[in-house]
Every structure is written in structure tokens, then in C-alpha cells.
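First up is the structure itself, then whatever we jot down about it.
Quick note: the coordinates plus some simple rules give every number you see, no bench work behind them. Everything numeric in this text was worked out from a predicted model, so none of it was measured. Positions of Cβ are backbone-derived with ideal geometry, glycine not excepted, and every protein chain shown enters the neighbour counts.
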Amino acid sequence: MQKPPKKIDHIGIAVRSIEEHLPFYENVLGLELLKMEEVKAQKVKVAFIAIGDSKLELLEPLDSSSPVAKFIEKNGEGIHHVALGVANIEERLREIRNEGIQTLNDKPVKGAGGADVAFLHPASTGRVLFEFCEKK
């Protein structure tokens, strides 16, 4: 039997400019910016914002070839993905593939904060982009 995800680690929100949107989260909602970093492999700048036991992740494309830039071009700014915290990401990927679920990553890749991440194909998940996220 598969172990369920541990929690919603974060919700990714695609934006054209973190600097433009950050005041809303900090000044209007009163949330705290935890950190900002660039994930060059994903071609994004990210800002993690604390909310309860979870986070919001603002995703700003670094250039027009970024998957996030393509997402914004097609869909506009908004919710990009839901990241589920899992233990043993490689095992979870094998299990999910055995259930017939397509993945966008054959193996986990390094994401923000050094986490191992892998995405599930929206065609297999009711049109929702889910990310498995394992933090060591």
C-alpha cells in the first residue's frame, strides 16, 4: 500500500515579477517572506512565503525559455502547481507510474532549497500539475 503525501509543502504561483507581487503578500496579507533564490536548472527565481505549516512559492521566469514563462504566456499569471511533501520520492515515482500516472520527470531533480522534486503530468491528474517534493 502506498504511503500518502505528508502534507501540502507549498502552492506554486506563476508571476511575471516577484517584486511587483510581493507587497500584496507582505503588506496586505501580512505574510512573511522566508527567502528568495534562483533555481537556474528550472530557469526561475522563487520567493517562499510562510503561511501556517505550508508556504506559497512565487515563481518568476528568468527568461522566455523557462517552463514558467511558457505557462504564463499560455494561461496568464496564477496557480501553477501544488507541491506534496513525500518521503522517498524515487519509490513514490515508481509506485505512481505503476498506477498508470505519467510523470514529467524520469528521476527527481534539484528544486528550490535543495529539495528533490518531480512533477506529475496534468493529463494524468485531472489537469492539475502536482509536484512531489522530498526535503532531506
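For segment 101-118, putting each phi into the Karplus relation 6.51 cos²θ - 1.76 cosθ + 1.60 with θ = phi - 60° gives couplings of 8, 7, 10, 8, 10, 5, 9, x, 10, 7, x, 4, x, x, 5, 7, 9, 7 Hz, in residue order, rounded to whole numbers and with x for Gly and Pro.
Once C-alpha pairs closer than 8 Å and six or more residues apart are averaged by separation and normalised to the residue number of the chain, the relative contact order reads 25 percent. Stretched out straight at 0.36 nm per residue, the stretch from Gln102 to Val28 would grow longer than its current Cα-Cα span by 22.8 nm. Ile8 sits among other residues whose Cβ lies under 13 Å from its own Cβ, and their net charge, with Lys and Arg +1 and Asp and Glu -1, is -1. Quick one: helix 89-98 against the long Cα principal axis of the chain, what's the angle to the nearest 10°, folded into 0 to 90? Its long axis makes an angle of about 60 degrees. Residues whose amide H falls under 5 Å from that of Leu129, counting only those 5 or more places apart or on a different chain, are Val82, with hydrogens built in the peptide plane. Here the Karplus curve 6.51 cos²θ - 1.76 cosθ + 1.60, taken at θ = phi - 60°, turns the phi angles of segment 65-73 into couplings of 8, 5, x, 5, 4, 5, 4, 5, 4 Hz, with x standing for Gly and Pro. Each of Pro67, Asn105, Ser17 was scored by the projection of its Cα onto the charge dipole of the chain, and the greatest displacement toward the positive side belongs to Asn105; charges sit on the C-beta of Lys, Arg, Asp and Glu.
Comparing Val28, Val44, Val68 in a Gaussian network model of the chain, where Cα atoms under 10 Å apart are tied by springs, the biggest mean-square fluctuation is seen for Val28.
Entry note, the chain: the mean residue ellipticity at 222 nm calculated from DSSP H runs of n ≥ 4, each adding -39500 (n - 2.57), is -5000 deg cm²/dmol after division by the residues and rounding to the nearest 500.
Taking amide H as placed 1.01 Å from N in the peptide plane, the amide H of Gln102 sits under 5 Å from that of His121, Ser124, each at least 5 places away or on another chain. Here the dipole of the chain is about 400 debye; that uses its Cα centre as origin and unit charges on the Cβ of Lys and Arg (positive) and Asp and Glu (negative). By the count of other C-beta atoms within 10 Å, a proxy for reagent exposure, Arg92, Arg127 are ordered fewest to most as Arg127, Arg92.
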